[in-house]
Amino acid sequence: MHELGVTFYVVRDVKKVAEENGIDRIDFVTLEIGEVSGVINEQLTDCWNWARKKEKVTENTELIIENLEAVSFCECCQREFGTIDYGKTCPYCGGGNTYLLRGNEFNIKEIGVYDNT
Amino acid sequence: MTILELKQNIFKENEVTADGIRKELKDKSKLMINVMSSPGSGKTTTLCRIIEALSGKYRVAVLECDIDASVDAETIAKNGGKAIQLHTGGMCHMDAAMTKQGLDALGIDDVDIIFIENVGNLVCPAEFDTGAHINLTILSVPEGDDKPAKYPLVYQVSDVVLFNKIDAMEVFDFDIELAKERILTLNSNALVFPVSAKNKEGFEPLISYIIKKCEEL
């Protein structure tokens, strides 16, 4: 829902990294996005393709998204299960005392620059 | 090809900025409360009631955050609060950097308590730490008691939840006990206070809580 807001964060952060490393052009940026982070890949890509043009260093940067699986943990039976499939209820014991282990990530994994040919 | 590994959480810088704001305000003995809710739940009217109740004891300011317009800041100013209207420029929430800009523009030397009236939205504001000491969410009766089930995060991050418009209970199917149970399941530490901003009812426990938090700073 707030893809535009987080896109500005990505532009700001990668621009900073580029400046620190003396890079004047980023060819791609790879994001790690959890399945339950609330971010939709297509909307993020649309926002990116608009926002990247605001900065010279990102104007042609390709966005690569790697989705990370959401996994929850059941306190009752101490087992892990897929959050997307089962939500808050443990599929093994039916318990509701569960919490998210991972799947809420929004990380900038890496940026890349191709060699000049 | 050159690859720079970052492994950097996008929210990290916001959290650092937010922690900085929180500490700076605490050092100056100023309390900041972030108010979140759907559009139309009565944020501005509720803030007017709080300002009235605290007047004479505490000087209150409000950062009004909307995508556009300045009607809320005008209402607050009429009710005796110091107010500044911030336009988020299409953004659906306030973040720590925007809060800092707002505080600088407002000037906080002559205030004791600052409220952020966040953009009316139950989703995005919950994701971004503003640097406030207290998160307060308003759930108004016409919205329905199912909102905590549908939008859990905003209730998970809230210290206080106000059920507003309880004067309209008779007209709507709002189960106050069920709504409370849904919130406490998500967040067992949340304090829940039913109020009517229109009829000025039920504010005593909230005002006592705010004063206690001010004194604890």
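The numbers here are math on the coordinates, done by the rules we state, and not lab data. What you see is a predicted model; the values in this text were computed from it and never measured. Cβ sites come from the backbone with ideal geometry, for glycine too, and all protein chains shown count toward neighbours.
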Study note, to complete from the structure: Residues whose built amide H sits under 5 Å from the amide H of A:Asn67, excluding neighbours closer than 5 in sequence, are A:Ile33
Review point. Tell me which lysines have Cα within less than 18 Å of B:Lys30's Cα, excluding those fewer than 8 residues away on the same chain?
Key: B:Lys57, B:Lys82, B:Lys100, B:Lys212, B:Lys213
Study note, to complete from the structure: Footprinting proxy, B:Ser38, B:Ser188: sorted fewest to most Cβ within 10 Å, the residues are B:Ser188, B:Ser38
Practice item. Give me the angle, in degrees from 0 to 90, between the Cα long axis of helix A:41-51 and the longest principal axis of the Cα atoms of chain A, rounded to the nearest 10. Key: 20 degrees
Practice item. Determine the alpha carbon to alpha carbon distance for each of B:Lys165/B:Lys198; A:Lys54/B:Lys7; B:Lys43/B:Lys200 and list only those over 18 Å. Key: A:Lys54/B:Lys7
Study note, to complete from the structure: Between A:Thr89 and B:Ala105, the FRET efficiency computed from the C-beta separation at R0 = 51 Å comes out, to the nearest 0.05, as 0.60
Practice item. Note down the net charge around B:Asp72, summing +1 for each Lys or Arg and -1 for each Asp or Glu among other residues with Cβ under 13 Å from its Cβ. Key: -3
Review point. What FRET efficiency would be calculated for the residue pair B:Asn199, B:Ala149, taking the C-beta separation as r and a Förster radius of 30 Å, to the nearest 0.05?
Key: 0.60
Practice item. Compute the Cα gyration tensor for segment B:13-203, then decide on rounded, prolate or oblate, letting a ≥ b ≥ c be the square roots of its eigenvalues: rounded whenever a/c is under 1.5, prolate when a/b is larger than b/c in the other cases, and oblate in all that remain. Key: prolate
**Study point:** Simple spin-label estimate for B:Ser188 and B:Lys26 in nanometres, 7 Å along Cα-Cβ
**Key:** 2.4 nm
Revision key, fill the gap. In a Gaussian network model of chain B with springs linking alpha carbons closer than 10 Å, the residue among B:Phe174, B:Phe11, B:Phe163 that fluctuates most is B:Phe11
**Study point:** Where chymotrypsin sites (Phe, Trp or Tyr not before Pro) fall in DSSP loop in segment A:45-93, at most 16 other Cβ within 10 Å
**Key:** A:Tyr92
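Once you order the gyration tensor axes a ≥ b ≥ c over the Cα atoms, which shape class does the protein assembly as shown get: rounded for a/c under 1.5, otherwise prolate or oblate by comparing a/b with b/c?
Here the protein assembly as shown falls in the oblate category.
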Review point. Where a ≥ b ≥ c are the square roots of the eigenvalues of the C-alpha gyration tensor, would you call segment B:132-217 rounded, which needs a/c under 1.5, or, failing that, prolate if a/b is larger than b/c, or oblate?
Key: oblate
Practice item. Please identify every one of the trypsin sites (Lys or Arg not before Pro) in segment B:56-116 that sits in a loop by DSSP and has no more than 13 other beta carbons within 10 Å of its own beta carbon. Key: B:Lys57
Check your understanding: Out of A:Gly38, A:Gly94, A:Gly82, any idea which swings most in a Gaussian network model of chain A, alpha carbons joined below 10 Å?
Key -> A:Gly94
